[in-house]
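See below for the structure under consideration.
The values are calculated or read from the model by the stated rules, or taken from the named source; none is laboratory data. Since the structure is predicted, the reported quantities are computational estimates derived from the model, not experimental observations. Glycine also receives a Cβ, built like all others from the backbone with ideal geometry; neighbour counts cover every protein chain displayed. These area figures cover heavy atoms from the full protein model, side chains too; ligands, DNA and RNA do not enter into them. Shrake-Rupley method; radii C 1.70, N 1.55, O 1.52, S 1.80 Å.
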2 protein chains.
Amino acid sequence: MISAEGRRGPGATLARGPKPPLILDNGKECPMLRTAFSRLKNTFRRFLLLLVAMPMLPIPLAADEGMWLFNNPPRKLLKEKYGFEPSDDWLLHLQQSAVRFNSGGSGSFVSPDGLVMTNHHVGADALHKMSTKDRDLVVTGYLARTQAEELPCVDLELNMLMSIEDVTERVNAAVKPGMSAAEAFQARRAVINTIEKESLEATGLRSDVITLYQGGLYHLYRFKKYTDIRLVFAPEQDIAFFGGDPDNFEFPRYDLDVCFFRVYEDGKPVRPKHYLTWSREGCRDGELIFVAGHPGRTARLNTVAHLEFLRDRSFPFLLNKLRRWEVLLDVYSERSAENRRRAKDLLFSVKNSRKARLGGLAGLQDPAIMQRKLNDEKALRQAAADDPQLKQSIGDPWAEVLAALRTWDELFLKHDLFERSTAVMCEHYLIARHLVRIAAEDQKPNAERLREYTEAGRESLLRDVLSEAPIYADLEQIRLADGLSFWAEQVGFRDELLRKALAGKSPRARAAELIAGTSVADVAFRKKLLEGGPEAINASTDPMIELARLLDAPSREVRKAYEEQVEEPLRQAYAKIASLKFKLYGTDLYPDATFTLRLSFGTVKGYTDQGRHIPPFTTIGGTFQWAAEHNFQPPYNLPESWMKNRERLDADVPFNFVSTADIIGGNSGSPVVNRRGEVVGLIFDGNLDSLVWDFVYSDETGRATSVDVRAIIESLKKVYKADELVAELFGQSSRGSGN
Amino acid sequence: MISAEGRRGPGATLARGPKPPLILDNGKECPMLRTAFSRLKNTFRRFLLLLVAMPMLPIPLAADEGMWLFNNPPRKLLKEKYGFEPSDDWLLHLQQSAVRFNSGGSGSFVSPDGLVMTNHHVGADALHKMSTKDRDLVVTGYLARTQAEELPCVDLELNMLMSIEDVTERVNAAVKPGMSAAEAFQARRAVINTIEKESLEATGLRSDVITLYQGGLYHLYRFKKYTDIRLVFAPEQDIAFFGGDPDNFEFPRYDLDVCFFRVYEDGKPVRPKHYLTWSREGCRDGELIFVAGHPGRTARLNTVAHLEFLRDRSFPFLLNKLRRWEVLLDVYSERSAENRRRAKDLLFSVKNSRKARLGGLAGLQDPAIMQRKLNDEKALRQAAADDPQLKQSIGDPWAEVLAALRTWDELFLKHDLFERSTAVMCEHYLIARHLVRIAAEDQKPNAERLREYTEAGRESLLRDVLSEAPIYADLEQIRLADGLSFWAEQVGFRDELLRKALAGKSPRARAAELIAGTSVADVAFRKKLLEGGPEAINASTDPMIELARLLDAPSREVRKAYEEQVEEPLRQAYAKIASLKFKLYGTDLYPDATFTLRLSFGTVKGYTDQGRHIPPFTTIGGTFQWAAEHNFQPPYNLPESWMKNRERLDADVPFNFVSTADIIGGNSGSPVVNRRGEVVGLIFDGNLDSLVWDFVYSDETGRATSVDVRAIIESLKKVYKADELVAELFGQSSRGSGN
C-alpha cells in the first residue's frame, strides 16, 4: 500500500516528528485564501528576464504525467488531450474538499457534516492508538451508528489547504551574493521561519513554506487545522488489506481499503464549505478522472548522479534497515496475539516501505530507465552549454550536485545514526529528544531555531510530544537494543560516544535498563519537564533524558554539516537547473512531490502484463474467487461478515480499478473524482510497475489503484448494514446526534 | 534449532557443496580402526621438547565444559567429578554407534537392523527432497509400517567414524622453514590431499584430514560411508517444531523433534557392529549424561582480536545477509501454500541461523564476556613473555593473527560475493560452478587440486552435483535476482565484472533470462558436461555455465589470496598458541568444534532465569497447556493426531529436558546416553543462554535441550500406533521385510 514516506514510512511514523530527508526537502506543508498564480507567473518572468530568449522545447512529459500544483494546474494539457477546462471554482472546490492526514496520507470531506473519507491503512495509525489488548479496532473494524458512538482519535491532525502564496523572491532575497553556503542556509532558514511566524500571527492558520523544484521556488502554504477527529467506520483488516503483503502493490486487487472519520470543532461536527458529492454510477473504462492528494516524495528532477546516489547508497542502506526491522518485528509478533497487535501498525509501515523501496531500487537498477534519465540530462546540459550567456549564468549545477553528494556520502552514516536516531530508535528516545531540544531551542530567537521547533509548528509538535498514545515497554526494549547493536556494528566498540551510551553494558542489557528506568512514557512527566525548561532538563536524572542529552551535541553537529554542506548547496544547484528548465520548457512543469496537495489526472485503463491483458476493474465476485484459489488461508482469508453475506452481495459490482493517474506514497486516501467533481473512487495503491514513478512516470504498464465507490456502498449496505452512513454519503440525510 | 553451520546453516545447505569458512577451518571431516592416542601423545611430546619445562597451570575449564576428541577423552575430569571411568570399549561402542548426517547434523544407530535416529529438523532436508506439491512429508510426517514402505532418500550420505590417526608431524614436515605463506599453504594442501588419497586407496574409507586447535594438530579421520538411507518415521512438523521460531532456542520446550531412518547396504538393512540400546526409564534430575555428536564450529580458542573481527565484521555481515534472505523467502512463501512448501527447508535454515547468530552476536557484544576472554589472553601472553626461551620460540602469534585478519578484512567482501557465491546465489549456479571447476581441477595432479575436488572426496561431491533433488525455477529466479542486486549494491554499476554478468540488463531481468535459458536443472545435461570435460565446458553456450566461467577466475583469485594470506598465516599463528597452551595447561584440552565426532558430558539440571526456577523437564501435559495459552494458533497449533489422542496420552510423561552438556549447532540429532551407554534422550537445541557457547562455555544458565526417550515411546505408541517401531527400539523384534 501507499503511504507518505515523507511522514510515515521510514519517516515520521517510524521516527515520530519531523525527520531529515532521504532525498532533499525538509518539507513542511495548507486551501486558497487567494490565488497566488499571478505571483507565480511573476517569479517565472524573473527567471526569463535573466536569460536570453530561447526557443521553447516541447515539454518532456508522458501522457497523463504530473503531480500539479493547484496554483499552476495543467490547463493546456487537459484541454488539448481531453477537451476539459476546469474552472477556478472547480479547482477551489476540489482543493478545499481535500484534507491531509498528518499521520501520513490523504483524505477528503464527503458530506456536509464533516465526514472524511480515507484509506483503512491511513486510518490504521489512529485505530491502533485507540486499541487495547481486548479491543483491536484495526482487526475488528468499527461502525458508529450514532454520533455519540463515534470514537475520538488520540492525536490525529488533519490539514486543509486554504491558500498558496509564492514567497520565492523574499526567500532568495535573504540570501545575499557572496554568502558562504553556511551563511546562506542560516539566512534562508531565518527568513522561512519568519515568514511562517508572521503568517501564523496574521491569519491564525498553520503556515508552512514549501520548497518546490528542489529549491527552484518557495511557496507559503496556509492550512486550516483540525484536531478533533472521530472514528465513524472502519471495515475489518482482513477485507481492508485482503491479500496482505503478497498482493500489496499488485493488481488485480480486491481491497475495501476505506475508513470514515468525522471532523469536529467546538464539540460539533464541522460544516465544511466544500465537500465532494458521491457518484452513484462510478467511472467507466476510458473515462477521465482526477486525483487530489498529497504525494509524499519523488525524485524525478534529480540529476543522474543524484539518482545513482539513491541507487547505490540511500536505497540499499534504507532497505537493510527495513529488513532488519521487519525481521525484528516479525519475530516479536509471532510470540503472541497481543505482541502481534502491538507491533502491527509499525510492522505494516515497515513491510509497505520495504516493498515500495524494493520496487524503486529495481527501477534504479534498470539500465533502460537510467539511460532515459541520462539522455534527458544530456539534452538539458547541451542546451545550457550551447548558449554562452546561459552557460555563464548557470555554471555547472550538475557538478555542484555531485560535490554536495560526496559530502553527503561522508555524513550519511552519522546522520542516520544520530539525527535520524537509528542508533537509539524507540518512541521513548524520540520523545526525550524533543523535550531536550525544545528546552534548548526555546532559548533562541524564532528565526534561528531548528525548523521543527519554530513557533509556527509548536502546536502540532506538542500534540505529538504530549500524545497519550500507548507505548509498549517490551516492544520499546527490543527496538532500542537492536538500535544500540546496529550502532555498535557500524562504529565498533572502541567508539567513545558508544561506550558512554552503553555505560559498560551490552546493547540488550543497556536497553533493558534504559526502558525500565525512564519515566518518559508518563505524559505528566513530560509536561513537567516542558514547563521546567532547560533547568529541569539539565537537572534530570531520567536515563532516557540523559541519553538524549548525551547524543544531542553530535547529532546537532552532523545536522548542521548536512544542512550547510549538503542541503543548501543542493538547493542552490537545483534552483539553477529549475530555472534552466523553465527557460527551455516554459512554466508548465510540475515540481517533485512534497507531501502537499497536488492535482493528478488520468484515464481508467487496463494494461498488458507479460502478454496477458489486465482489465481495469475487478469485482466483488472476483474477491471470493481469489480467496478460494488460496483456500481462504491468510492473508487470503475473508472476514466472517463477508463470508456470511456472500450470497447477498452483488458479485458484479466493481471492487477496485486502475487508472493512469500520477500518484505515489502519500496519495493513499486521495479522492478520485470525475469531470463533475463527484467521487468515483479512493486511491489506495499503485501496481508494481508504478513503483518506479519515484523517478520516472510511465503509463505503459504503471497504474494507480483505487477502491470503487460502488463497492463501498454495496458493502456498507449489505455487509455492514450502515444505512445511515450510506444515506449521508448520498446526501439524503444528516445523521442524528444520537445523544 | 541447532544445525551444523559448517555444512548446513549459511553453509552447505544454503551454499551446496563445501564452502570457505566463516571463521577458520576449511574442515572436511570419520570411527577408530586403531587408537591414535599414543601417536597424539608423541606429538605433544614434540611440542614439549621444544620448550623448557614450566609449571603446569590449572586447566581453565568450566565444570562440564568440553567437546572432547574420542581419542583424547576427559578421563581425569570424569573420574574426579563423577567417579566415572569409561572403558575403551564403552568409548568405541558410543563412537561407532554415532553417525554424521552430511546434510548437517548428527544421529545414531539404535537397532541391530540399521535404524538411525536423528532430529526431524535434521531429516527435513531429506523429507523436503522427497516431497512434491501433493505430498509434503515435512508437514505431514510419515510412518513406514513395513520395510517395503520405507522411502529412499534422494542424496543423503551418513558417515560413521571408524578411526582417527594423528598426521600432524607429516603435515607440518611438508612445510619447510623459510617457505613463504603461499608456498606453505600449497605444500600443506598437497600433503593433506595426498594423505587422504593414500588412505582412501588403502582402506576404501572416506578419509578426511581435520585441522584441530585452529592449526595445532592434524588428524586423519576415516569414515564408513552409507548412501542408501530410507525414511522410516517422521512426525508432523507442527509437533516436531511446536512453538516455531519464537520457541526455537528457548526453554521450557515441547518438541517431538525426532526422525527415524534405516541404513541399507546392498539392498538390505545394514547390521551395524555397534548400536545404542534404548532406556525405558530415561534420565533423572541430577544424572550424569553423555552426548556423542558433531558440533559444527566454535571459536573458543580465537584470540580477542579474532573475536572482535567476528563481532564487528563477520557476524554483522552474515546477519544482514540472513535477514535479507529471510525477508525474501518470507515474501515468496506468503504467496501460496506451494511456495511455502518449496521454500520451507531453506527458510528454516535461514531463520535458525539468524536466531543462533543473533544470540552469538549478543554474546560478543557483552563486555563481561569479552573481558573474560581478554583476561585469559593476558595471562597466556604474560606466561609467554615471562619465559625468554618461550618468547623466542613462540614470537607474537597474536600480532600474526591480527595481521592476517587485516588482510581478511580487505578480501572479505569479494570472497563472499564470488567464492561464497552470494552475488549469484542459487542452486543452478552452484551446480554450474561445480561442473566448471571439476573440468578444470581434473586436469591437475590430485595434490594441487582445490580441497573439494580431490579424489578422496569425489564420490560425495558427485552425489551432490548429480542429485535428483528438485529445483524450483521461480524460487531460483528470485534468489538469483536478489544476489545480483546485492552484488550491484556492494560494488556499484560501473564495475566491469558486474556489467559483464548483467549483460546490459537489470538484476531482475537478467536473473529471469539466466534461469529460463539454462539446462542445469536437467541431471542428464550435467552428466554430459561431466563426461565432456574441459572441451564440453568451454564450448557450452548454456548461460549459467557461461556465468560460472565468467566468475571462476575472480573467484579463484580471491580464494587463493584468502588461503595464502589469511588461512595459512592463521594456522601457523594458532599452532604456536596451541603449543603454548599444551605447554602451560597440559594436553587435557579439547579443540574447537570441526563438525567431527566429539564426546560431551553433563548433568540433567534446571536453572534460574530472571529469578524464576526452570525445572529440567517438561511434560506432554505441559504441551497442551502451552498450546492453549496461545489459543492453539500457529506456531502453537498441534497436529490433529495429537489433538484427538490427547486423552490417551499420559500427561506426566517427560517431553523435553535440559542438561549442562557442551553442545553447539551440528549436535542436532546427537544421542544422549547414560553411564550404561543407553539412549535417554536426543539433543535438538540449546537455550538462548547457550548461544554464546560459540565463544565461551558456561553452565550457569546455558543448557542443551533434548527430547526425552519416554516421550518418543509414548507418542509412537499412542499417537502414531507405531508398535513395530517401538518393539524394534526395545530390541524385542526385528521388523518384517514386508515385501
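Values for this structure:
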quantity	calculated
Residues within the range A:485-499 that are open to solvent by less than 20 Å² (accessible area, probe 1.4 Å), more than 8 Å from every other protein chain (Cβ to nearest Cβ) and not in a helix (DSSP H, G or I), tallied	0
Residues within the range B:502-520 that are within 33 Å of the chain's Cα centre (by Cα), within 14 Å of chain A (Cβ to nearest Cβ) and open to solvent by less than 40 Å² (accessible area, probe 1.4 Å), tallied	3
Those residues of the range A:282-310 which are open to solvent by less than 30 Å² (accessible area, probe 1.4 Å) and either within 11 Å of chain B (Cβ to nearest Cβ) or in a helix (DSSP H, G or I) (or both), in sequence order	A:Val304, A:Ala305, A:His306, A:Leu307, A:Phe309, A:Leu310
The range A:474-501, subset of a type in the set (Asp, Glu) and farther than 20 Å from B:Asp312 by Cα, residue nearest to the chain's Cα centre (by Cα)	A:Glu476
Extreme residue, least open to solvent (accessible area, probe 1.4 Å), among residues of the range B:676-691 that are farther than 16 Å from B:Ile664 by Cα and outside any strand (DSSP E or B)	B:Gly677
All positions within the range B:521-556 that are farther than 21 Å from B:Glu468 by Cβ, within 27 Å of the chain's Cα centre (by Cα) and open to solvent by 10 Å² or more (accessible area, probe 1.4 Å)	B:Asp552, B:Arg556
Filter result for B:Ile210 (in contact with a Pro (Cβ under 8 Å, 6 or more places away or on another chain) and crowded, with 22+ Cβ neighbours inside 10 Å)	no
Hey, A:Leu322 more than 8 Å from chain B (Cβ to nearest Cβ), of a type outside the set (Asp, Glu), out of contact with any Phe, Trp or Tyr (no Cβ under 9 Å at 6 or more places or on another chain) and closer than 17 Å to B:Leu329 by Cβ or not	yes
Hey, B:Asn320 at pLDDT 95 or above, assigned to a loop (DSSP other than H, G, I, E, B) and within 30 Å of A:Arg494 (Cβ to Cβ) or not	no
Residue match in the range B:356-373 (condition: crowded, with 17+ Cβ neighbours inside 10 Å and away from chain A (no Cβ under 14 Å))	no
Residues of the range A:166-181 classified as of a type in the set (Asp, Glu) and open to solvent by 30 Å² or more (accessible area, probe 1.4 Å), total	1
From A:Ala432, A:Ala383, A:Ala439, residue being more than 27 Å from A:Trp325 (Cβ to Cβ), at pLDDT 95 or above and among the hydrophobic types (A, V, I, L, M, F, W, C)	A:Ala439
Residue count, the range B:591-614 (criterion: touching a Pro at 6+ places or on another chain (Cβ under 8 Å) and open to solvent by 20 Å² or more (accessible area, probe 1.4 Å))	1
Among the residues listed as B:Ala440, B:Ala403, B:Ala432, B:Ala447, the single one being open to solvent by less than 10 Å² (accessible area, probe 1.4 Å) and of a type in the set (Gly, Ala, Ser)	B:Ala432
Of residues in the range B:457-479 being surrounded by 16 or more Cβ atoms within 10 Å (Cβ to Cβ) and within 14 Å of chain A (Cβ to nearest Cβ), the one nearest to B:Val520 (Cα to Cα)	B:Gln477
A:Lys581 being modelled with pLDDT under 95, part of a helix (DSSP H, G or I) and open to solvent by 20 Å² or more (accessible area, probe 1.4 Å)	yes
Residue that is least open to solvent (accessible area, probe 1.4 Å), among those in the range B:63-98 that are within 26 Å of B:Arg222 (Cα to Cα) and among the hydroxyl-bearing types (Ser, Thr, Tyr)	B:Ser97
Selection within the range B:308-360 - more than 27 Å from B:Pro295 (Cβ to Cβ) and acidic (Asp, Glu)	B:Asp330, B:Glu334, B:Glu338
Failed criterion for B:Phe695 (all others in (1) open to solvent by 10 Å² or more (accessible area, probe 1.4 Å); (2) touching a Ser or Thr at 6+ places or on another chain (Cβ under 9 Å) hold)	(1)
Which listed residue is crowded, with 21+ Cβ neighbours inside 10 Å and at pLDDT 95 or above, from B:Arg313, B:Arg342	B:Arg342
Any hit, the range A:643-651, residues being part of a helix (DSSP H, G or I) and more than 30 Å from A:Leu77 (Cα to Cα)	yes
Residue within the range B:394-407 that is in contact with a strand residue (DSSP E or B) (Cβ under 8 Å, 6 or more places away or on another chain), farther than 28 Å from B:Phe317 by Cα, modelled with pLDDT under 95 and aliphatic (A, V, I, L, M) present	no
Selection within the range B:155-164 - modelled with pLDDT of 95 or more and either open to solvent by less than 30 Å² (accessible area, probe 1.4 Å) or assigned to a loop (DSSP other than H, G, I, E, B) (or both)	B:Leu156, B:Glu157, B:Leu158, B:Asn159, B:Met160, B:Leu161, B:Ser163, B:Ile164
Inter-residue pairs, beta-carbon under 7 Å, first under 25 Å from A:Gly702 (Cα atoms) and at pLDDT 95 or above and in the range A:608-633, second basic (Lys, Arg) and open to solvent by less than 50 Å² (accessible area, probe 1.4 Å), 6+ apart	A:Thr618/A:Arg253
Looking only at the range A:551-598, and only at residues there that are among the aromatic types (Phe, Trp, Tyr) and in contact with a helix residue (DSSP H, G or I) (Cβ under 6 Å, 6 or more places away or on another chain), the one that is nearest to A:His434 (Cα to Cα)	A:Tyr562
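For every residue, the table says whether it meets (1) out of contact with any Asp or Glu (no Cβ under 6 Å at 6 or more places or on another chain); (2) among the aromatic types (Phe, Trp, Tyr).
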position	(1), (2)
B:Tyr562	yes, yes
B:Val566	yes, no
B:Lys605	yes, no
B:His613	yes, no
B:Pro616	no, no
B:Gly622	yes, no
B:Val653	no, no
B:Phe657	no, yes
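For (1) within 14 Å of chain A (Cβ to nearest Cβ); (2) among the hydrophobic types (A, V, I, L, M, F, W, C), each residue gets a yes or a no:
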| position | (1), (2) |
| --- | --- |
| B:Tyr218 | no, no |
| B:Arg222 | no, no |
| B:Ile229 | no, yes |
| B:Phe233 | no, yes |
| B:Phe242 | yes, yes |
| B:Glu250 | yes, no |
| B:Val263 | no, yes |
| B:Thr277 | no, no |
